[in-house]
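The values are calculated or read from the model by the stated rules, or taken from the named source; none is laboratory data. Note that the coordinates shown come from a computational prediction; the quantities given were computed from them, not determined experimentally. Counting neighbours? That spans all protein chains shown, and the Cβs are built from the backbone with ideal geometry, glycine included.
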Amino acid sequence: MHLNQAGVLFRQRASMMLALLEQAGNELHQQGTDLTGTINLGVVETGVGGFMMEMVAKFRDRYPGVQFALFDGDGDSLRERLDQGAEDIVALVEPVEAAKYNYMRLPVREEWGIIMKKDDPLTRRDVLTREDLYDLPLIVGRRGIMRDSVSDVLKLDQTKLNILITINLPMVSRDLVVNHHYYHLGIRGVYEMYKDDDLAFVPFSPQKTSGHLLAWRKNTILSARTMA
């Protein structure tokens, strides 16, 4: 895809998102000529957070009377809250069981690899392979579908992985990585969220990437204007 085509796609997705947010909130209503109320927005803790906050800022510039209630979580907790009506719309990282929802793809992709201490000898490597992973004390996300997706690409034997700690939110693992020499199997966006000079990220070979979805309940109908 050419850069100008990518830019057009990005703008189209952003426009669709703003229109979707306008319809998403259960409590939004018209007060005079202004839109007011609250949108409950769930966001997975990945690099998609920056993109979503840009959309939130643009939306509030357009509709200053609208407030946002933000919730961070992993895919399981976000989908549960969406099902319960606690969230109007959620940003999820793939793979995700999305068939029960309406959704649109977001222009954000993540690369998978290992987050480790910056002075670790493995940081001298450009990439890591499956053989490297079998010997590492790993921290992984609790969602098995994620591990399965990574394993499919790397042809991993999951029974050989030394998984010692599972987490639902990645930010809690920083001290274990820096101070106790654990290795976090995760995505580059999480590493970038840390903004920590003591950490490094080394991607996998073969490369594994994941996209993102914006999902909402199927009883939320988008108009033709929204999808234009």
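Computed values, structure above
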{"item": "Where a residue in segment 204-215 is closer than 23 Å to residue 99 by Cα and its partner, wherever it lies, is of a type in the set (Ser, Thr, Tyr) and outside any strand (DSSP E or B), with Cβ under 9 Å and at least six apart", "result": "208/149; 210/46; 210/149; 212/46"}
{"item": "Boolean, residue 57 is at pLDDT 90 or above and either surrounded by fewer than 16 Cβ atoms within 10 Å (Cβ to Cβ) or part of a strand (DSSP E or B) (or both)", "result": "yes"}
{"item": "Options 119, 126; residue that is more than 22 Å from residue 76 (Cβ to Cβ), at pLDDT 90 or above, touching a Ser or Thr at 6+ places or on another chain (Cβ under 9 Å) and surrounded by fewer than 16 Cβ atoms within 10 Å (Cβ to Cβ)", "result": "126"}
{"item": "Verdict on residue 97 being surrounded by 15 or more Cβ atoms within 10 Å (Cβ to Cβ) and either among the acidic types (Asp, Glu) or within 16 Å of the chain's Cα centre (by Cα) (or both)", "result": "no"}
{"item": "Complete set of residues in segment 176-208 that are of a type in the set (S, T, N, Q), surrounded by fewer than 15 Cβ atoms within 10 Å (Cβ to Cβ) and over 14 Å from residue 120 (Cα atoms)", "result": "207"}
{"item": "Scope segment 192-210; condition assigned to a helix (DSSP H, G or I) and of a type in the set (A, V, I, L, M, F, W, C); matching residues", "result": "193"}
{"item": "Strands (runs of 3 or more DSSP E) completely within segment 105-191 that count 2 or more residues being in contact (Cβ under 8 Å) with a residue 60 or more places away in the chain", "result": "183-187"}
{"item": "Residue count, segment 95-135 (criterion: among the hydroxyl-bearing types (Ser, Thr, Tyr) and over 19 Å from residue 161 (Cβ atoms))", "result": "3"}
{"item": "Residue check, residue 74 exposed (fewer than 14 other Cβ atoms within 10 Å of the Cβ) and either charged (D, E, K, R) or over 22 Å from residue 196 (Cα atoms) (or both)", "result": "no"}
{"item": "Members of segment 129-139 found to be buried (at least 17 other Cβ atoms within 10 Å of the Cβ) and not charged (D, E, K, R), listed by number", "result": "133, 136, 138, 139"}
{"item": "Residue 48 being in the same structural domain as residue 216 (by TED's automatic domain parsing) and under 30 Å from residue 198 (Cα atoms)", "result": "yes"}
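Matching residues to (1) touching a strand residue (DSSP E or B) at 6+ places or on another chain (Cβ under 6 Å); (2) charged (D, E, K, R); (3) modelled with pLDDT under 90; (4) over 18 Å from residue 96 (Cα atoms):
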site: 152; (1), (2), (3), (4): no, yes, no, no
site: 168; (1), (2), (3), (4): no, no, yes, no
site: 179; (1), (2), (3), (4): no, no, no, yes
site: 191; (1), (2), (3), (4): yes, no, no, yes
